[in-house]
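The values are calculated or read from the model by the stated rules, or taken from the named source; none is laboratory data. As the structure is a computational prediction, the values presented were derived from the model and not from experiment. As a convention, Cβ positions derive from the backbone with ideal geometry for all residues, glycine included, and neighbour counts pool all protein chains shown. Each accessible area value is taken on the protein alone, full model and side chains, heavy atoms only, with ligands, DNA and RNA left out. Shrake-Rupley method; radii C 1.70, N 1.55, O 1.52, S 1.80 Å.
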Amino acid sequence: MQNILNKEQNEILKILNLPTTKAEIKDYYIQNCKKNVLKTGLEYERVSLDSRTLETAKYQLLSEIIKNFALMNEWELIIDSDIVIGAKDGFNSVSLEPGGQFEISLEPKENLNDILENINHYTRQIDKLGEYYNVSFLNTGINPKNTYPDIEIVKKQRYEIMAEYLPRTGKLAPVMMRETAGVQANFDYTSEEDAILKLKTAAYISPFITGFYANSPIRDNKLSDYKSFRALAWKYTGSDRCNLFYKNLVNSRMGQGFEDYTDAVLDVPMLYIVRNKRMIELNGSITFREFMQRGYMEYSASLNDYILHSSLTFPDIRLKNCLEVRNQDSQNIMGALSVCALYKGILYSKDAMYEIMEFLKPLNHNDLETYGMNSAKYGVDYMADKLKMTAADAARRIFEISRKYLPDTEKDFLDKPIWLLKNRKCAADIILEKGIKDADSLYRYLKNF
């Protein structure tokens, strides 16, 4: 009965052009709770390089690859400001990130082997087209040769607005936008309680998982002081919309729900709204809460405004129409699937989540942020003092819990990560052990790996 009333109230709000309410926003999340089969989605980014010079690939070449890919698969082109920025077919899409990084976003699947089949199919096509245009797509967390001043931003309106505003709040925002590439895994939630438990569980394990998937030690054609420079860039993109900005929700053990997550999002400064297909820039002048309370110029806050605004917050773990886990460097394909497997084993088992939360019970928000910074620098080679063990041992335990709850047909995806963690290594450690110190040697290693 309550849902029916909410729907009627929402329709009245729209008719009267009244501002959205927290009740309407909560109902948005409730409507996205899944009751049937729970699925896993993958968004897979790679750095785009000119295979002859290892400079960042030019937009003109990337757009030709997208056009030909769309033609081969009968997909619809995505146009923004009169330029091609991607192609789509149903839930599947390919698109360009701000610095020309190439992203493949796949329709969520119940079975991880179906995701593997799909990602192999599309990457083979894209890589083949890349060969024709002398473009290589590299599975590393950061551009190994060019830094942001030398990387032209893709002329998508959203990116241009972000590029103008974000450096005001985070000194490494330009690095994040133009240089980095990651793996994002998406998961369904079944209820308000389930969504918040998933969010907290993923948040608590995030620093250790960031450390294990650290895969960006080479930047500006040399070794940096960080095993994941990508993770460092996110740390300095803006504390008001990145990392784990919903501190009160993370620290609370009980009684939290959609409204608590929403409250954190409402206090994030706004970048823009859209009216009649036109972007109206707000440049952080007001938060969404203020927009709801008093409007902006002649505009009132709508639910669609909130959905857009929430997509312009960038925490490690983000709640939208699914739970998005966003804190891993780009990997090879099997590494990307292991990300999906790790979180699937944990987030699709209440017993696994309770086991994880009990294991990590000594930690709080400040610990997670500190360990996240340590993971950017050291991978898994540091002490998690509150747990009285190394980050490698903590990560290994997390992976082993996940493997216990995964279906038998998917456990193999975690065998290599667990083997690496038994040897206290992350992805970047393999690169460093091989003596790789510059973009050229990294390129040759990753292309032959």
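Here are ASN143, ASN134: which of them is buried (at least 20 other Cβ atoms within 10 Å of the Cβ) and of a type in the set (S, T, N, Q)? Write out each step before concluding.
Details: ASN134 fails: buried (at least 20 other Cβ atoms within 10 Å of the Cβ).
Being buried (at least 20 other Cβ atoms within 10 Å of the Cβ) and of a type in the set (S, T, N, Q) holds for just one of ASN143, ASN134, which is ASN143.
Let's see how each residue does on (1) under 23 Å from the mean Cα position of the chain (by Cα); (2) assigned to a helix (DSSP H, G or I); (3) at negative phi:
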residue	(1), (2), (3)
LYS386	no, yes, yes
ALA394	yes, yes, yes
SER402	yes, yes, yes
LYS411	no, yes, yes
LEU414	yes, yes, yes
TRP419	no, yes, yes
ARG424	no, no, no
GLY435	no, no, no
SER441	no, yes, yes
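Quickly run through the range 239-255 and pick out the residues that are outside any helix (DSSP H, G or I), touching a Phe, Trp or Tyr at 6+ places or on another chain (Cβ under 9 Å) and farther than 15 Å from SER310 by Cβ.
Residues satisfying the conditions are SER239, ASN243.
Filter the range 59-77 for residues that are at negative phi, open to solvent by 50 Å² or more (accessible area, probe 1.4 Å) and without any contact (Cβ under 8 Å) to a residue 40 or more places away in the chain and give the result.
Matches in the range 59-77: GLN60, LYS67, LEU71, GLU76, LEU77.
Residues that are closer than 20 Å to SER330 by Cβ and among the polar types (S, T, N, Q): which strands (runs of 3 or more DSSP E) entirely in the range 61-153 hold 1 or more of them?
Numbers: elements: 76-80, 83-89, 92-96, 102-105, 135-138.
In the range 61-153, the matching strands (runs of 3 or more DSSP E) lie at 92-96, 102-105, 135-138.
Among the residues of the range 363-381, is there at least one that is assigned to a loop (DSSP other than H, G, I, E, B), surrounded by fewer than 18 Cβ atoms within 10 Å (Cβ to Cβ) and without any contact (Cβ under 8 Å) to a residue 60 or more places away in the chain?
no
How many of the residues in the range 81-95 are over 17 Å from LEU61 (Cβ atoms), out of contact with any helix residue (DSSP H, G or I) (no Cβ under 6 Å at 6 or more places or on another chain) and either of a type in the set (A, V, I, L, M, F, W, C) or surrounded by fewer than 16 Cβ atoms within 10 Å (Cβ to Cβ) (or both)?
So the count comes out to 6.
Please go through the range 16-27 and pick out each residue that is at pLDDT 95 or above, open to solvent by 40 Å² or more (accessible area, probe 1.4 Å) and not basic (Lys, Arg).
The answer is THR21, ALA23.
All but one of (1) open to solvent by less than 10 Å² (accessible area, probe 1.4 Å); (2) touching a Pro at 6+ places or on another chain (Cβ under 8 Å); (3) not aromatic (Phe, Trp, Tyr) hold for THR287, so report the exception by its number.
Every condition holds for THR287 apart from (1).
Considering the range 222-238 alone, what residues qualify as being in contact with a strand residue (DSSP E or B) (Cβ under 9 Å, 6 or more places away or on another chain) and either part of a loop (DSSP other than H, G, I, E, B) or among the hydroxyl-bearing types (Ser, Thr, Tyr) (or both)?
If the condition is that a residue be in contact with a strand residue (DSSP E or B) (Cβ under 9 Å, 6 or more places away or on another chain) and either part of a loop (DSSP other than H, G, I, E, B) or among the hydroxyl-bearing types (Ser, Thr, Tyr) (or both), then SER224, TYR226, LYS227, SER228, TYR236, THR237, GLY238 are the ones that fit.
Looking at the range 285-323 only, could you name the residues that are without any contact (Cβ under 8 Å) to a residue 60 or more places away in the chain and of a type in the set (Val, Ile, Thr)?
Listed by number, the residues that qualify are ILE286, THR287.
Evaluate the range 291-303: report whether one residue or more is open to solvent by 30 Å² or more (accessible area, probe 1.4 Å), within 25 Å of LYS39 (Cβ to Cβ) and not in a loop (DSSP other than H, G, I, E, B).
Yes, the conditions are met somewhere in the range 291-303.
State all residues of the range 183-221 that are assigned to a strand (DSSP E or B) and open to solvent by 10 Å² or more (accessible area, probe 1.4 Å); if no residue qualifies, say none.
Selection gives GLN184, ASN186, ARG219.
What tally of residues in the range 309-362 results from selecting those that are part of a helix (DSSP H, G or I), under 18 Å from GLY141 (Cβ atoms), among the β-branched types (Val, Ile, Thr) and open to solvent by less than 10 Å² (accessible area, probe 1.4 Å)?
The total comes to 1.
Is at least one residue of the range 106-124 in contact (Cβ under 8 Å) with a residue 24 or more places away in the chain, touching a Cys at 6+ places or on another chain (Cβ under 7 Å) and open to solvent by less than 40 Å² (accessible area, probe 1.4 Å)?
yes
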